[in-house]
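Everything below concerns the one structure shown next.
The values are calculated or read from the model by the stated rules, or taken from the named source; none is laboratory data. Source: prediction; values computed, not measured. Reconstructed Cβ throughout: ideal geometry from the backbone, glycine too, with neighbour counts over all protein chains shown. With ligands, DNA and RNA removed, areas are computed over all heavy atoms of the protein, side chains included. Shrake-Rupley method; radii C 1.70, N 1.55, O 1.52, S 1.80 Å.
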Amino acid sequence: MDTSLAIQERFSFAVHIALQAGYLLKAGFGTSFSIQEKEGRHNLVTDYDHRSEELILSSISKAFPEDGFLAEERGASKNTSAAFEWIVDPLDGTVNFAHTIPVFSVSIGCRWKGETVLGVVYQPITQELFTVQKGKGAYRNVAKLAVILTTSFNDAIVGSVFPYYLAEDPLYCIQKFSSVLARGVPVRRLGVASIDLAYVADGRFDGFFEVSLQPWDMAAGLLLIEEAGGKVSDWQGNHLDITSDQPILTSNGHIHREFQEILNTP
Ligand code: IPD
Ligand code: CA
Ligand code: CA
(Lines give C-alpha, C1' and ligand atoms only; values in the text may rest on other atoms or scores of the structure.)
(Ligands and ions follow the chains in the order given, each with its own letter.)
Protein backbone atom coordinates (compact mmCIF):
# COMPACT_ATOMS: atom_id res chain seq x y z
CA MET A 1 0.00 0.00 0.00
CA ASP A 2 1.04 3.58 -0.70
CA THR A 3 2.74 4.91 2.49
CA SER A 4 1.12 8.34 2.49
CA LEU A 5 -2.31 6.73 2.16
CA ALA A 6 -1.47 4.36 5.02
CA ILE A 7 -0.44 7.35 7.17
CA GLN A 8 -3.60 9.28 6.26
CA GLU A 9 -5.73 6.28 7.19
CA ARG A 10 -4.00 6.00 10.56
CA PHE A 11 -4.30 9.73 11.18
CA SER A 12 -8.12 9.65 10.77
CA PHE A 13 -8.24 6.60 13.00
CA ALA A 14 -6.05 8.27 15.67
CA VAL A 15 -8.36 11.30 15.80
CA HIS A 16 -11.41 9.08 16.12
CA ILE A 17 -9.98 6.87 18.84
CA ALA A 18 -8.50 9.78 20.86
CA LEU A 19 -11.96 11.36 20.93
CA GLN A 20 -13.54 8.06 22.02
CA ALA A 21 -10.97 7.62 24.80
CA GLY A 22 -11.46 11.26 25.79
CA TYR A 23 -15.23 10.75 26.14
CA LEU A 24 -14.54 7.73 28.34
CA LEU A 25 -12.20 9.78 30.58
CA LYS A 26 -14.60 12.71 30.75
CA ALA A 27 -17.42 10.39 31.83
CA GLY A 28 -15.21 8.94 34.57
CA PHE A 29 -13.76 12.25 35.74
CA GLY A 30 -14.93 13.12 39.28
CA THR A 31 -16.58 9.74 39.86
CA SER A 32 -15.23 7.16 42.28
CA PHE A 33 -12.70 4.72 40.85
CA SER A 34 -9.76 2.70 42.06
CA ILE A 35 -6.39 4.46 42.37
CA GLN A 36 -3.16 2.54 42.87
CA GLU A 37 0.53 3.39 43.18
CA LYS A 38 2.94 2.18 40.48
CA GLU A 39 6.75 2.24 40.84
CA GLY A 40 7.76 5.35 42.75
CA ARG A 41 5.82 7.48 45.20
CA HIS A 42 2.92 9.50 43.81
CA ASN A 43 3.11 7.66 40.48
CA LEU A 44 -0.53 6.67 40.26
CA VAL A 45 -2.62 4.51 37.98
CA THR A 46 -6.42 4.45 37.96
CA ASP A 47 -9.07 2.20 36.45
CA TYR A 48 -9.42 4.81 33.75
CA ASP A 49 -5.78 4.54 32.61
CA HIS A 50 -6.45 0.85 31.98
CA ARG A 51 -9.90 1.30 30.45
CA SER A 52 -8.72 4.01 28.08
CA GLU A 53 -5.68 1.97 27.05
CA GLU A 54 -7.79 -1.14 26.47
CA LEU A 55 -10.15 0.84 24.25
CA ILE A 56 -7.28 2.28 22.20
CA LEU A 57 -5.22 -0.91 21.85
CA SER A 58 -8.13 -3.18 21.05
CA SER A 59 -9.25 -0.73 18.35
CA ILE A 60 -5.73 -0.58 16.90
CA SER A 61 -5.45 -4.35 16.80
CA LYS A 62 -8.79 -4.62 14.98
CA ALA A 63 -8.08 -1.84 12.48
CA PHE A 64 -4.35 -2.45 11.92
CA PRO A 65 -3.47 -5.95 13.17
CA GLU A 66 -0.01 -5.79 11.60
CA ASP A 67 1.04 -2.64 13.52
CA GLY A 68 3.13 -2.62 16.70
CA PHE A 69 2.59 -0.49 19.77
CA LEU A 70 4.28 0.92 22.84
CA ALA A 71 1.71 1.80 25.49
CA GLU A 72 2.29 3.11 28.99
CA GLU A 73 0.44 0.46 30.97
CA ARG A 74 0.83 -2.61 28.76
CA GLY A 75 4.32 -1.92 27.41
CA ALA A 76 5.55 -2.92 23.95
CA SER A 77 3.86 -5.32 21.54
CA LYS A 78 5.70 -8.45 20.40
CA ASN A 79 5.98 -7.46 16.73
CA THR A 80 8.86 -5.03 17.26
CA SER A 81 9.79 -5.07 13.55
CA ALA A 82 6.41 -3.69 12.40
CA ALA A 83 6.72 -0.68 10.07
CA PHE A 84 4.07 1.27 11.99
CA GLU A 85 4.32 1.61 15.76
CA TRP A 86 1.70 3.35 17.89
CA ILE A 87 2.90 5.24 20.97
CA VAL A 88 0.05 5.55 23.44
CA ASP A 89 -0.49 7.45 26.68
CA PRO A 90 -4.11 6.57 27.47
CA LEU A 91 -4.34 9.14 30.27
CA ASP A 92 -1.63 11.76 30.56
CA GLY A 93 -1.98 13.63 33.84
CA THR A 94 -3.12 10.73 36.00
CA VAL A 95 -2.26 12.57 39.23
CA ASN A 96 -4.49 15.47 38.17
CA PHE A 97 -7.29 13.09 37.15
CA ALA A 98 -7.07 11.23 40.47
CA HIS A 99 -7.28 14.52 42.40
CA THR A 100 -10.21 15.87 40.33
CA ILE A 101 -8.06 18.53 38.65
CA PRO A 102 -9.55 18.94 35.17
CA VAL A 103 -6.27 19.00 33.23
CA PHE A 104 -5.40 15.72 31.51
CA SER A 105 -5.27 14.30 28.01
CA VAL A 106 -5.13 11.32 25.72
CA SER A 107 -1.89 11.34 23.72
CA ILE A 108 -1.38 9.13 20.68
CA GLY A 109 1.55 9.17 18.28
CA CYS A 110 2.41 6.84 15.43
CA ARG A 111 5.85 6.16 14.04
CA TRP A 112 6.70 4.80 10.61
CA LYS A 113 10.09 3.09 10.45
CA GLY A 114 11.13 4.88 13.65
CA GLU A 115 10.01 8.37 12.64
CA THR A 116 6.95 10.02 14.20
CA VAL A 117 4.55 10.76 11.35
CA LEU A 118 1.38 11.74 13.16
CA GLY A 119 0.10 12.69 16.58
CA VAL A 120 -3.05 13.60 18.46
CA VAL A 121 -3.38 15.17 21.92
CA TYR A 122 -6.96 15.51 23.11
CA GLN A 123 -7.94 17.45 26.23
CA PRO A 124 -11.48 16.25 26.96
CA ILE A 125 -12.53 18.94 29.44
CA THR A 126 -11.71 21.87 27.13
CA GLN A 127 -12.46 19.77 24.03
CA GLU A 128 -9.23 20.96 22.45
CA LEU A 129 -8.01 18.50 19.87
CA PHE A 130 -4.38 19.00 18.84
CA THR A 131 -3.49 17.12 15.68
CA VAL A 132 -0.45 16.88 13.49
CA GLN A 133 0.88 15.04 10.47
CA LYS A 134 4.50 15.28 9.43
CA GLY A 135 4.83 17.79 6.62
CA LYS A 136 1.18 18.86 6.85
CA GLY A 137 1.16 21.25 9.81
CA ALA A 138 -0.24 21.21 13.32
CA TYR A 139 -3.76 22.19 14.37
CA ARG A 140 -5.93 22.93 17.41
CA ASN A 141 -9.36 21.84 16.21
CA VAL A 142 -9.44 23.68 12.85
CA ALA A 143 -6.94 26.44 13.74
CA LYS A 144 -3.45 26.08 12.28
CA LEU A 145 -0.77 26.34 14.96
CA ALA A 146 2.34 28.51 14.92
CA VAL A 147 4.79 29.07 17.75
CA ILE A 148 4.91 32.53 19.35
CA LEU A 149 7.52 35.04 18.17
CA THR A 150 9.01 36.03 21.56
CA THR A 151 12.71 36.65 20.98
CA SER A 152 14.01 37.36 24.48
CA PHE A 153 13.84 34.90 27.34
CA ASN A 154 12.94 37.77 29.68
CA ASP A 155 9.61 38.13 27.86
CA ALA A 156 8.85 34.39 27.85
CA ILE A 157 6.39 32.17 29.69
CA VAL A 158 7.58 28.59 29.98
CA GLY A 159 6.38 25.25 31.27
CA SER A 160 8.11 22.46 33.11
CA VAL A 161 7.39 19.34 35.13
CA PHE A 162 9.32 17.30 37.63
CA PRO A 163 9.72 13.54 37.25
CA TYR A 164 8.13 11.19 39.80
CA TYR A 165 11.60 10.53 41.26
CA LEU A 166 12.02 14.24 42.03
CA ALA A 167 13.32 13.51 45.54
CA GLU A 168 16.50 12.09 43.91
CA ASP A 169 16.98 15.49 42.20
CA PRO A 170 18.10 14.00 38.85
CA LEU A 171 20.35 16.32 36.83
CA TYR A 172 19.99 18.90 39.61
CA CYS A 173 16.49 19.57 38.38
CA ILE A 174 15.49 21.54 41.47
CA GLN A 175 18.44 23.90 41.01
CA LYS A 176 17.73 24.18 37.26
CA PHE A 177 14.11 25.00 37.98
CA SER A 178 15.28 27.72 40.40
CA SER A 179 17.64 29.16 37.76
CA VAL A 180 14.72 29.55 35.37
CA LEU A 181 12.51 31.02 38.12
CA ALA A 182 15.29 33.45 39.03
CA ARG A 183 14.94 35.04 35.60
CA GLY A 184 11.59 36.32 36.85
CA VAL A 185 9.55 34.78 34.05
CA PRO A 186 6.27 32.90 34.63
CA VAL A 187 6.91 29.15 34.92
CA ARG A 188 3.82 26.94 34.71
CA ARG A 189 3.59 23.30 35.85
CA LEU A 190 0.46 21.69 34.44
CA GLY A 191 1.45 18.11 35.33
CA VAL A 192 0.59 16.90 31.82
CA ALA A 193 3.59 16.81 29.52
CA SER A 194 1.60 16.27 26.32
CA ILE A 195 -0.44 19.42 27.01
CA ASP A 196 2.68 21.43 27.90
CA LEU A 197 4.13 20.48 24.53
CA ALA A 198 0.90 21.25 22.69
CA TYR A 199 0.92 24.67 24.37
CA VAL A 200 4.41 25.40 23.01
CA ALA A 201 3.13 24.50 19.54
CA ASP A 202 0.10 26.73 20.10
CA GLY A 203 2.13 29.76 21.21
CA ARG A 204 0.71 29.67 24.74
CA PHE A 205 4.14 28.80 26.09
CA ASP A 206 7.46 29.97 24.62
CA GLY A 207 9.19 26.83 25.80
CA PHE A 208 9.17 23.77 28.00
CA PHE A 209 11.92 21.77 29.73
CA GLU A 210 12.05 18.56 31.73
CA VAL A 211 14.75 16.12 32.83
CA SER A 212 13.06 12.91 31.80
CA LEU A 213 9.98 11.93 29.82
CA GLN A 214 8.79 8.65 28.36
CA PRO A 215 8.10 8.20 24.63
CA TRP A 216 4.31 8.14 25.21
CA ASP A 217 4.46 11.51 27.04
CA MET A 218 6.07 13.28 24.09
CA ALA A 219 5.74 11.48 20.73
CA ALA A 220 2.69 13.48 19.62
CA GLY A 221 3.68 16.72 21.37
CA LEU A 222 7.15 16.99 19.86
CA LEU A 223 5.82 16.61 16.33
CA LEU A 224 3.21 19.30 17.10
CA ILE A 225 6.04 21.68 18.04
CA GLU A 226 8.17 20.88 14.99
CA GLU A 227 5.26 21.31 12.62
CA ALA A 228 4.30 24.61 14.31
CA GLY A 229 7.82 25.94 13.57
CA GLY A 230 9.39 25.36 17.00
CA LYS A 231 12.56 23.59 18.08
CA VAL A 232 13.10 20.34 19.97
CA SER A 233 16.44 19.15 21.38
CA ASP A 234 18.20 17.84 24.45
CA TRP A 235 19.61 20.42 26.90
CA GLN A 236 22.80 20.67 24.82
CA GLY A 237 20.90 21.51 21.67
CA ASN A 238 21.47 18.06 20.15
CA HIS A 239 18.96 15.79 18.43
CA LEU A 240 16.51 14.26 20.92
CA ASP A 241 15.80 10.55 20.60
CA ILE A 242 12.43 9.95 22.30
CA THR A 243 13.43 6.44 23.34
CA SER A 244 16.64 7.46 25.09
CA ASP A 245 15.51 9.17 28.32
CA GLN A 246 17.41 12.39 27.56
CA PRO A 247 16.53 15.71 29.20
CA ILE A 248 14.23 17.62 26.88
CA LEU A 249 14.17 21.23 25.77
CA THR A 250 11.56 22.69 23.43
CA SER A 251 10.89 26.26 22.43
CA ASN A 252 9.63 28.64 19.78
CA GLY A 253 13.17 28.44 18.34
CA HIS A 254 14.00 32.12 19.01
CA ILE A 255 14.77 31.71 22.72
CA HIS A 256 16.29 28.24 22.40
CA ARG A 257 19.93 29.19 22.79
CA GLU A 258 19.27 31.50 25.73
CA PHE A 259 17.15 28.78 27.39
CA GLN A 260 19.98 26.29 26.81
CA GLU A 261 22.52 28.63 28.42
CA ILE A 262 20.34 28.99 31.54
CA LEU A 263 19.99 25.21 31.89
CA ASN A 264 23.70 24.61 31.36
CA THR A 265 25.02 27.27 33.73
CA PRO A 266 26.30 25.45 36.84
C1 IPD B 1 3.21 12.19 33.66
C2 IPD B 1 2.86 13.59 33.25
C3 IPD B 1 3.74 14.57 33.99
C4 IPD B 1 5.22 14.26 33.82
C5 IPD B 1 5.53 12.84 34.18
C6 IPD B 1 4.65 11.90 33.38
P7 IPD B 1 1.25 10.34 33.57
O8 IPD B 1 2.44 11.26 32.93
O9 IPD B 1 3.00 13.79 31.86
O10 IPD B 1 3.50 15.87 33.52
O11 IPD B 1 5.95 15.09 34.68
O12 IPD B 1 6.90 12.59 33.91
O13 IPD B 1 4.95 10.58 33.73
O14 IPD B 1 1.90 9.45 34.58
O15 IPD B 1 0.26 11.27 34.15
O16 IPD B 1 0.79 9.63 32.34
CA1 CA C 1 2.25 10.49 30.71
CA1 CA D 1 -0.38 7.97 31.55
> Could you list, bin by bin from short to long, the percent of Cα-Cα pairs of the range 130-191 in 5 Å steps?
Replying inline: 4, 14, 17, 16, 16, 14, 13, 6, 0
> Computed over the Cα atoms, what is the radius of gyration of the range 3-144 divided by 2.2 N^0.38 Å, N being its residue count?
Replying inline: 1.04
> Hey, what's the Cα Rg ratio for the range 1-47 versus the globular rule of thumb, 2.2 N^0.38 Å?
Replying inline: 1.75
> If all Cα-Cα distances of the chain are sorted into 5 Å bins from 0 onward, what percent lands in each bin, rounded to whole numbers?
Replying inline: 1, 6, 14, 18, 19, 17, 13, 7, 3, 1, 0
> Got a sec? What order do 74, 41 fall in by accessible area at 1.4 Å, biggest, i.e. largest, first?
Replying inline: 41, 74
>> Please list log₁₀ I(q)/I(0) at q = 0.18, 0.24 Å⁻¹ for the range 77-134, using the Debye equation with identical point scatterers on the alpha-carbon positions.
In response: -0.67, -0.91
>> How long are the semi-axes of the equivalent ellipsoid of the range 95-243, defined as square roots of 5 times the Cα gyration tensor eigenvalues? Whole Å, largest first.
In response: 23, 18, 17
>> Could you compute how fast the range 177-263 diffuses translationally, taking Rh as the Kirkwood radius over C-alpha pairs and applying Stokes-Einstein at 4 °C with viscosity 1.567 mPa s? Give it in µm² per second.
In response: 102
> How far apart, in nm, are two points set 7 Å out from the Cα along the Cα-to-Cβ line at residue 243 and at residue 99?
Replying inline: 3.4
>> Test of understanding: what is the full-extension gain from residue 2 to residue 74, defined as 0.36 nm times their sequence separation minus their Cα-Cα distance?
In response: 22.9 nm
>> Probe of 1.4 angstrom, ligands and nucleic acids ignored: what's the accessible area per residue over the range 3-144, in square angstrom?
In response: 46
> Mind checking which helices in the chain clear 20 Å along their axis (Cα) and have mean Kyte-Doolittle hydropathy of -0.5 or more, DSSP H runs only?
Replying inline: 3-28
> Can you flag which of 38/134; 144/176; 113/144 are past 29 Å Cα-Cα?
Replying inline: 38/134; 144/176
> Under the Karplus relation 6.51 cos²θ - 1.76 cosθ + 1.60, θ = phi - 60°, what is the ordered set of whole-Hz ³J(HN,Hα) values for the range 110-126, x standing for Gly and Pro?
Replying inline: 9, 10, 10, 6, x, 10, 5, 10, 7, x, 9, 10, 10, 9, x, 6, 8
> When only C-alpha pairs under 8 Å and at least 6 residues apart count, what is the relative contact order of the chain, in percent?
Replying inline: 16
>> Show me the chymotrypsin sites (Phe, Trp or Tyr not before Pro) within the range 13-99 that DSSP assigns to loop and that have at most 13 other Cβ atoms within 10 Å of their Cβ.
In response: none
>> With a 1.4 Å probe and all protein chains left in place, how much of the accessible area of the chain comes from carbon and sulfur atoms, in whole percent?
In response: 52
> How big is the accessible area of residue 187 in square angstrom, nearest 10, if you roll a 1.4 angstrom probe over the protein chains?
Replying inline: 20
